[in-house]
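The values are calculated or read from the model by the stated rules, or taken from the named source; none is laboratory data. On a predicted model such as this, the values are computed, not experimentally measured, just so you know. FYI the Cβ positions are ideal-geometry reconstructions off the backbone, even for glycines, and counts take in every protein chain you see. The accessibility values were calculated without ligands, DNA or RNA, using every heavy atom of the protein model including side chains. Shrake-Rupley method; radii C 1.70, N 1.55, O 1.52, S 1.80 Å.
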Amino acid sequence: MKKLMYIGVPLFLIITGSIVFFLGINNSERNPAAKGTAAPPQVEAVGEATSPMAVDAVKDAHEILNGFVGWGGSKNFNFSSNANKFETLYKYIDLAILHAPKKSLETDLENAINALKKAQQNKDVQGLLVAHRILHDLDGYLNKDPLDGKVWGYTETVSGNARKALKYIQ
């Protein structure tokens with residue numbers, strides 16, 4: 001499983017970077033005025049002008065948390081046997097923060113990281129559930145996919161307030 005993570009994460013980043021690079025080239029070919037300029041590429045509009053890299057990173061982080069605690073997995077979650085997966089999870093969330101165009105999205109992602117850190121420190125599955133609910137709502141919103149139709153209400157971006165998340169974090 002470690003080999004898969006060591007190969008999978010860099011491969012994902014290379015593929016995603018290549019897609020973004022080629023999309024930028026195609027944009028400049030359609031717009032001759034853009035050739036030779038140092039202006040940053042425009043971000044693809046998803047939700048509220050969110051970068052595709054942020055959208056994909058949120059989706060991937062959500063999938064990891066689904067594996068941790070989704071569909072009743074929280075009852076049997078073991079921090080020790082999943083310790084190596086946390087590093088990948090943090091990398092995805094950090095990547096999403098790096099490409100988050102809105103302060104509310106960045107704040108929600110930081111709340112997810114803080115919930116994860118507290119959960120790990122205290123070996124508290126409730127923190128994983130909080131982080132999962134944050135990423136679930138963001139994933140559904142950013143990918144314009146209702147997922148299971150449930151909105152947990154843990155995010156500023158989707159629900160207008162993050163009180164439920166902050167209650168756990170603080």
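Here are the numbers:
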{"read-out": "Index of the failed condition, LEU98 passing every other in (1) open to solvent by 50 Å² or more (accessible area, probe 1.4 Å); (2) closer than 21 Å to GLN170 by Cα; (3) hydrophobic (A, V, I, L, M, F, W, C)", "value": "(2)"}
{"read-out": "So ALA57, is it open to solvent by less than 60 Å² (accessible area, probe 1.4 Å) and under 18 Å from THR157 (Cα atoms)", "value": "yes"}
{"read-out": "Members of the stretch 66-117 that are farther than 24 Å from PRO52 by Cα, in contact with a helix residue (DSSP H, G or I) (Cβ under 6 Å, 6 or more places away or on another chain) and not in a helix (DSSP H, G or I)", "value": "PHE77"}
{"read-out": "Matching residues in the stretch 90-119 - criterion: being under 12 Å from the mean Cα position of the chain (by Cα), under 20 Å from GLY160 (Cα atoms) and among the hydrophobic types (A, V, I, L, M, F, W, C)", "value": "ALA96, ILE97, ALA100, LEU105, LEU109, ALA112, ILE113"}
{"read-out": "Where a residue in the stretch 128-157 is under 26 Å from ASN78 (Cα atoms) and its partner, wherever it lies, is open to solvent by 60 Å² or more (accessible area, probe 1.4 Å) and of a type in the set (A, V, I, L, M, F, W, C), with Cβ under 7 Å and at least six apart", "value": "ARG133/TRP152; HIS136/LEU147; HIS136/TRP152; ASP137/VAL151; ASP137/TRP152; ASP139/LEU147"}
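Rundown of residues vs (1) surrounded by fewer than 16 Cβ atoms within 10 Å (Cβ to Cβ); (2) closer than 14 Å to ASP56 by Cβ; (3) modelled with pLDDT of 95 or more, yes/no style:
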| position | (1), (2), (3) |
| --- | --- |
| LYS75 | yes, no, no |
| SER80 | yes, no, no |
| ASN84 | yes, no, no |
| LYS91 | no, yes, yes |
| THR107 | no, no, yes |
| ILE113 | no, no, yes |
| LYS118 | no, no, yes |
